[in-house]
Ligand SMILES: Cc1cc2nc3c(=O)[nH]c(=O)nc-3n(C[C@H](O)[C@H](O)[C@H](O)COP(=O)(O)OP(=O)(O)OC[C@H]3O[C@@H](n4cnc5c(N)ncnc54)[C@H](O)[C@@H]3O)c2cc1C
Ligand code: FES
């Protein structure tokens, strides 16, 4: 489709971070036809990252921090249908059926359906609270009072962030993790160790190497039983055991799905009129040797949304920024760029006794990822420089990387 | 309104293509030096989540927020797109006798 054709209808399913960015990007790129965003939630796009951080610790008061794009829907004449689910997709007819009985036709479609929190499939699993939406966060927040016993299932990013926030709220927190360490999916062991130690220093208890077998409702609270035979009393149980991509709509319509809606590097699905982006999409990643990845990160959601919009309008931009995420726990900041597990050698750069940056190099000495933990002002610049070096496929001198007084930015001039 | 020129730092306190934080009477600023030795000043906190921009990376005339990489042109204060949508306030700067002065309204 081209900008000049003022007719035509572009529909975006999902009014999250990704869908919102895509809608605004279409207008920024000059699209004058119709843009409709259909969202199951009742709100304009809002920022989820705060839900487990500032909102739970009461640093921010609203769970619906409208993001930069949501304020532009009105002025840019982007139609937003709220509180309505897209039930089915008829690709041959180019039409969508909504839960309220309406039908919409599209010329091009973007699926930005995101992901849903995975629920524990154990007896009583429905009593564990999950955190994905502002409503989930409001519900959890009302239960985090000083002295409350909180059991968290899962030592990934969400589990740890909630553990930190609940601790800050004065709760007594126990975290149960099936693996023998936290963050095993996304950060190297040195960083996981620093994070765990920080949590322990604040009083968080960890139970490693065991799953949760059941949750029972007792008159005086909940009883959590682990697969190792331990039992724990709890006032609140919160599960942070991952998210599942919302692919039902795509699957039923016969689109290729492979741990997310499959797209090529241009974010186009197996149907050329349909694109997918954000947490719901598994895309071929050109910077990572064409590996197929589903990223669950805020910046990827924004970037992919924007690039999908441009491609819908006839550009050919590859999605190609590196995986990047951050996390905040107590005063510790975590930032990771690239995929640390793809590196063989790790070079450590200690920026202070409790700020560590790891550079992950592959067999040829090429920088493929960097991961850091510590105060934001110590780690952020170096991570950003590392990101640019990774994108250039640079092979920096390991001795310089390890030397904290060396100004890393100098390597960019080389 | 009386405009005051405040002595903020020595010209050499900021490296080329870099930024420092400057606090004055309860306000915080970010002062920038470009590769070609021009100096600029903006409000010190990101308009997204009030993080100190001085921990961010300067590239050309762009300051990138250390927290979520929101970008601003520090010569104009313009926010360059999601996640930041509110521009930064800018302040006039002059360099005299190797000192950097920022004009702050009193
Ligand atoms: C608590 C929390 C903390 C996080 N913290 C961080 C962090 O610190 N750093 C980081 O990088 N990332 C973080 N993330 C991840 C980040 O928020 C996501 O990557 C991002 O929200 C993905 O955006 P999205 O638009 O792809 O999906 P979503 O935000 O999930 O939006 C998808 C939307 O589509 C709607 N939808 C789905 N199916 C349909 C349908 N059939 N019809 C209509 N509407 C539909 C959904 O209701 C939803 O509103 C966090 C996530 C959570 C939940
Ligand atoms: S705090 Fe600056 S971009 Fe978010």
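No lab work stands behind these numbers, since they all come straight from the coordinates. Here the structure is a predicted model, which is why all the values come from computation and not from measurement. Please note: Cβ atoms are built from the backbone with ideal geometry, for glycine as well, and neighbour counts cover all protein chains shown.
General observations
- Least to most buried among A:130, B:85 (fewest other Cβ within 10 Å first): B:85, A:130
- Gaussian network model of chain A, springs between alpha carbon atoms under 10 Å - residue of A:36, A:142, A:321 with greatest fluctuation: A:142
- With a Förster radius of 30 Å applied to the C-beta separation of residue A:293 and residue A:214, the computed FRET efficiency comes to 0.30.
- Segment A:145-184: relative contact order in percent, alpha carbon pairs under 8 Å with at least 6 residues between: 52 percent
- Cα centroid of segment A:22-50 to Cα centroid of segment A:315-340, whole Å: 22 Å
- Which of A:406, B:32 has the fewest Cβ neighbours within 10 Å, and the rest in rising order: A:406, B:32
- Each residue in A:371, A:95 was given a count of other beta-carbon atoms within 10 angstrom of its own, and listing them fewest first yields A:95, A:371.
- Rounded, prolate or oblate (a/c below 1.5 giving rounded, otherwise prolate when a/b exceeds b/c) for segment B:57-96 by Cα gyration tensor: prolate
- Residue among A:118, A:200, A:21 with the largest mean-square fluctuation in a Gaussian network model of chain A, springs linking Cα atoms under 10 Å: A:200
- For the peptide A:366-379, the mean number of other protein chain Cβ atoms found within 10 angstrom of a residue's Cβ is 1.
- An oblate overall shape is assigned to chain A, the ratio a/c of its alpha-carbon gyration tensor axes (a ≥ b ≥ c) being 1.5 or greater and a/b not exceeding b/c.
- Taking every residue in B:63-76 and counting other chain Cβ atoms within 10 Å of its Cβ, the average works out to 3.
- Here the contact order of chain A, divided by its residue count and restricted to Cα pairs under 8 Å and six or more residues apart, works out to 14 percent.
- From the alpha carbon centroid of segment A:342-401 to that of segment B:34-79 is 23 Å.
- Beta bridge orientation in chain A: antiparallel %, DSSP, nearest 5: 60 percent
- Point-to-point label distance, residue A:184-residue B:103, nm (Cα→Cβ direction, 7 Å offset): 6.1 nm
- For the residues of B:52-60, the average number of beta carbons from a partner chain within 10 Å of their own beta carbon is 4.
- Peptides B:61-72, A:290-301, A:156-167 ordered by packing proxy, namely the average of other Cβ atoms within 10 Å per residue, highest first: A:156-167, B:61-72, A:290-301.
- Mean residue ellipticity at 222 nm, helices only, chain A: -6500 deg cm²/dmol; runs of at least 4 DSSP H residues each add -39,500 (n - 2.57), and the sum is divided by the number of residues.
- With the simple model of a label 7 Å out from the Cα in the direction of the Cβ, residue A:97 to residue A:201 spans 5.8 nm.
- With Cα atoms defining each centre, segment A:51-110 and segment A:117-155 are spaced 25 Å apart in the structure.
- For segment A:331-413, the Stokes-Einstein estimate of translational diffusion at 37 °C and a viscosity of 0.692 mPa s comes to 266 µm²/s, using the Kirkwood hydrodynamic radius over alpha-carbon pairs.
- Segment A:331-413: relative contact order as a whole-number percent, Cα under 8 Å and 6+ apart: 30 percent
- For peptides A:88-94, A:351-357, sequence by mean Cβ density within 10 Å, most packed first: A:351-357, A:88-94
- Anisotropy class assigned to segment B:3-105 is prolate, per the alpha carbon gyration tensor with a/c at or over the 1.5 cut-off and a/b larger than b/c.
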